[in-house]
Amino acid sequence: MARTWLRIRVDLLGGRGIACDPSPGRIFLVGPSHSFEQFAEAINAAFARWDPSHLHNFELGDGRQIGYPDDSFGPDLMWLDHAKLKVAKELKAGEEFEYVFDLGDNWQHRCTVEPEKADPVEEYGVVPKQPVAIWGWGSIPDQYGRRSFEDDGED
C-alpha cells in the first residue's frame, strides 16, 4: 500500500458548538511519501483556516492518536508524531478516521479513504509535492465565527 496514491474524502462535521448540516467537504489526493502533518496542512488550507497555529490530531479507527507530540497539552496522551507517519502506509481503502483542528474549538472532520486508487497525473495534471484537494462542495464557516472584517466573532 505504501506506493499507492489515496483519494480521501474529508467532511467537516462542525466546531465551535455548531453542526454543519449539510457538511461541506473536499476530496484529497494523498501520495505515498505524504505525512499526516502535510495532510493536516492541506486540510486546513482547503477549509480556509487562516490561523493554522492550533493543535490538531487524527484518530485512526484502531484508536491510535496522531498529532504534534507535545506532552504539555496532555502528558497521558500517547500521540504518534504526525511528521513521521505516512498516511498511505497507515491507512487502507474503506477506512474511516477523524481529524480535529483546534482542540479548543473542536473542528471535527470525518475522513474516509475511498476504495479506488488515485492517479495524480490523470486527476491533477502533475504529481503534487503535497497532498492536494481536487474537488469540493459546501460553505466553509470561518474558524472564529466571523462574518465580516469588523466582526470579532463573539456574537
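The values are calculated or read from the model by the stated rules, or taken from the named source; none is laboratory data. The model shown is predicted, which means the values in this text are computed figures rather than measured ones. When we count neighbours, we look across all protein chains shown, and the Cβ atoms used for this are built from the backbone with ideal geometry, even at glycine.
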Count - residues of segment 12-32 that are touching a helix residue (DSSP H, G or I) at 6+ places or on another chain (Cβ under 8 Å) and part of a loop (DSSP other than H, G, I, E, B): 2
Residue list for segment 116-142, filter: crowded, with 17+ Cβ neighbours inside 10 Å and farther than 21 Å from residue 36 by Cα: 141
Members of segment 128-155 that are of a type outside the set (Phe, Trp, Tyr) and modelled with pLDDT of 95 or more: 128, 129, 130, 131, 132, 133, 134, 136, 138
Filtered residue count, segment 104-136, keeping only those that are out of contact with any helix residue (DSSP H, G or I) (no Cβ under 8 Å at 6 or more places or on another chain) and within 16 Å of residue 47 (Cα to Cα): 7
Any hit, segment 10-27, residues being farther than 22 Å from residue 144 by Cα and in contact with a strand residue (DSSP E or B) (Cβ under 9 Å, 6 or more places away or on another chain): yes
Within segment 63-97, tally of residues that are among the charged types (D, E, K, R), at pLDDT 80 or above and either more than 22 Å from residue 117 (Cα to Cα) or touching a Phe, Trp or Tyr at 6+ places or on another chain (Cβ under 7 Å) (or both): 3
Lone qualifier among 101, 58 - being among the aromatic types (Phe, Trp, Tyr) and free of Cβ contacts under 8 Å to residues at least 60 places away in the same chain: 58
Counted residues, segment 36-56 - those being modelled with pLDDT under 95 and either crowded, with 20+ Cβ neighbours inside 10 Å or in contact with a His (Cβ under 9 Å, 6 or more places away or on another chain) (or both): 2
Strands (runs of 3 or more DSSP E) lying entirely in segment 39-146 (those with 3 or more residues that are aliphatic (A, V, I, L, M)): 132-137
